[in-house]
Amino acid sequence: MDNNNLGTRPHYLLLDGLRGIAAIIVVFFHLTEPLATSHLDNLVNHGYLAVDFFFLLSGFVIGYAYDDRWNQLTIGGFLRRRFERLQPLVVLGMTLGAIGFYFTDSTIWPLIHSVPLWKLIVVMLIGWTILPIPLSMDIRGWQEMHPLNSVGWSLFFEYIANILYALGIRKLSNKALACFVTLAGAVLLHFAVTNPNGDVTGGWTLTTEHMRIGITRTLFPFFAGLLLSRVTRPAHIKNAFLWCSLLVTAVLFTPRIGGADYLWMNGLFEAFCIIMVFPLIVYIGASGVVRSRTEEKICRFLGNLSYPLYMTHYVLVYFYVAWVSNHKGNTLAQAWPYALLTFSGAIGLAYASLKGYDEPIRAWLRKKLK
């Protein structure tokens with residue numbers, strides 16, 4: 001049966017809203033990151049954990065939406081649906097990154113002006129596929145697999161998780177899946193406490209080490225989310241959106257644990273958040289009830305904005321990072337007008353991308369891919 005005949009299940013509106021909250025904090029993280037003196041003192045010190053939270057949310061929602069529908073669904077049909085949902089903004093983010101690329105020539109990226117146009121175009125076209133580029137094609141100098149849109153690396157691993165789910169992990173029994181998730185959690189915990197950086201960061205470079213990190217960061221949260229969707233029965237928790245929003249914010253804004261002397265303590269904290277706190281947040285969010293029309297509108301708006309915001313904001317952050325690098329020594333007190341301008345621009349760009357591009361393109365793809 002064609003997968004487009006399945007229809008769409010109702011969203012968990014509160015989880016949509018939480019995705020939007022996390023996406024906004026990611027923008028804050030990327031705006032404060034250039035002002036930090038090291039990875040130990042960023043104002044939004046654990047903002048990168050939003051990616052791990054996104055993976056867990058994604059696994060939960062995929063399980064809810066598809067797990068009991070494979071008698072009506074093919075692997076190709078599932079992957080077409082995921083392509084339709086994810087790929088339009090991948091293409092837009094890479095294209096916008098290419099348009100702004102030469103304008104970000106700065107002290108932090110001093111060789112941008114020397115990159116030939118043909119190479120920029122090739123990198124953009126590869127970026128459209130979300131396949132990573134080798135280090136030999138790094139045109140920015142940050143050793144990223146997607147130098148035109150930094151956040152593209154997480155979408156690469158999102159696709160890997162979706163493919164693994166479709167090809168076989170979906171067939172695992174709950175017990176087998178629990179064993180798989182437990183093993184993935186142990187690997188994540190080991191990485192977190194032994195990583196020389198004292199955190200779970202990494203995954204954005206096409207090297208063996210970063211591929212290992214990316215897979216480690218993806219497997220536990222995504223498939224823990226899948227398991228959570230199977231074994232939990234949501235209750236009715238009052239004020240769930242408020243409590244979950246506060247929990248997400250508290251985790252991502254928590255200052256560095258242990259400092260430079262006890263790096264393993266920070267890794268342990270991050271592993272605890274990913275393995276214990278994030279599943280709890282998703283459970284509470286899935287158990288919540290929308291209490292008012294206002295809360296419904298807020299969650300719907302944040303949910304709709306979350307993916308466009310995540311996939312387009314770094315295009316503007318490149319300009320901000322270039323400005324910060326050209327004005328070294330600026331503090332947050334001096335940089336906040338530029339940060340606020342970038343943040344406002346990111347919200348506006350995300351909304352314009354949603355209404356003027358993403359929704360129309362996805363509607364067109366649904367017709368073409370039937």
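Tabulated data for the structure shown
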{"quantity": "Residue match in the stretch 335-344 (condition: assigned to a loop (DSSP other than H, G, I, E, B) and either at negative phi or crowded, with 18+ Cβ neighbours inside 10 Å (or both))", "calculated": "no"}
{"quantity": "Number of positions in the stretch 60-90 that are more than 26 Å from Ala286 (Cα to Cα), among the β-branched types (Val, Ile, Thr) and surrounded by 18 or more Cβ atoms within 10 Å (Cβ to Cβ)", "calculated": "1"}
{"quantity": "Residue count, the stretch 285-316 (criterion: of a type in the set (Lys, Arg) and modelled with pLDDT under 95)", "calculated": "2"}
{"quantity": "Residue in the stretch 253-270 that is among the polar types (S, T, N, Q), in contact (Cβ under 8 Å) with a residue 24 or more places away in the chain and not in a helix (DSSP H, G or I) present", "calculated": "yes"}
{"quantity": "Qualifying residue in the stretch 276-284 (condition: at pLDDT below 95 and more than 20 Å from the chain's Cα centre (by Cα))", "calculated": "no"}
{"quantity": "The stretch 15-70, subset assigned to a helix (DSSP H, G or I) and acidic (Asp, Glu), residue farthest from Val248 (Cα to Cα)", "calculated": "Glu33"}
{"quantity": "Filter result (charged (D, E, K, R) and more than 25 Å from Val123 (Cβ to Cβ)) within the stretch 46-101", "calculated": "Asp52, Asp67, Asp68, Arg69, Arg80, Arg81"}
{"quantity": "When residues of the stretch 100-139 are limited to those that are of a type outside the set (A, V, I, L, M) and closer than 25 Å to Ile160 by Cα, the one farthest from the chain's Cα centre (by Cα)", "calculated": "Ser136"}
{"quantity": "Filter result (touching a residue at least 60 places away in the same chain (Cβ under 8 Å) and either in contact with a strand residue (DSSP E or B) (Cβ under 7 Å, 6 or more places away or on another chain) or not small (Gly, Ala, Ser) (or both)) within the stretch 22-34", "calculated": "Ile24, Ile25, Val26, Val27, Phe28, Phe29, His30, Leu31, Thr32, Pro34"}
{"quantity": "Failed item, numbered, when Thr37 is tested on (1) of a type in the set (Val, Ile, Thr); (2) at pLDDT 95 or above; (3) more than 14 Å from the chain's Cα centre (by Cα)", "calculated": "(2)"}
{"quantity": "Members of the stretch 225-252 found to be assigned to a helix (DSSP H, G or I) and surrounded by fewer than 18 Cβ atoms within 10 Å (Cβ to Cβ), listed by number", "calculated": "Arg230, Val231, Leu242, Trp243, Leu246, Thr249, Ala250"}
{"quantity": "The stretch 194-203: number of residues that are buried (at least 16 other Cβ atoms within 10 Å of the Cβ) and farther than 11 Å from His39 by Cβ", "calculated": "4"}
{"quantity": "2 or more residues polar (S, T, N, Q) and over 29 Å from Glu84 (Cα atoms): qualifying helices (runs of 4 or more DSSP H) within the stretch 106-224", "calculated": "174-194"}
{"quantity": "Single unsatisfied condition, Gly267 versus (1) in contact with a Phe, Trp or Tyr (Cβ under 6 Å, 6 or more places away or on another chain); (2) closer than 15 Å to Asp52 by Cβ; (3) of a type in the set (Gly, Ala, Ser)", "calculated": "(1)"}
{"quantity": "Filter result for the condition that a residue is touching a Gly at 6+ places or on another chain (Cβ under 8 Å) and polar (S, T, N, Q), over Ser58, Ser136, Ser106", "calculated": "Ser58"}
{"quantity": "Test: residue in the stretch 223-245 that is modelled with pLDDT under 95 and of a type in the set (Lys, Arg)", "calculated": "yes"}
{"quantity": "In the stretch 258-275, the residues that are surrounded by 16 or more Cβ atoms within 10 Å (Cβ to Cβ) and modelled with pLDDT under 95", "calculated": "Leu263"}
{"quantity": "Flag if Thr37 is out of contact with any strand residue (DSSP E or B) (no Cβ under 7 Å at 6 or more places or on another chain), surrounded by 20 or more Cβ atoms within 10 Å (Cβ to Cβ) and over 16 Å from Trp153 (Cα atoms)", "calculated": "no"}
{"quantity": "Unique residue being surrounded by fewer than 18 Cβ atoms within 10 Å (Cβ to Cβ), of a type in the set (Asp, Glu) and under 23 Å from the mean Cα position of the chain (by Cα) when the list is Glu209, Glu158", "calculated": "Glu209"}
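The values are calculated or read from the model by the stated rules, or taken from the named source; none is laboratory data. Quick caveat: nothing in here was measured; it's all calculated off a predicted structure. Backbone-built Cβ (ideal geometry, glycine too); neighbour counts: all protein chains shown.
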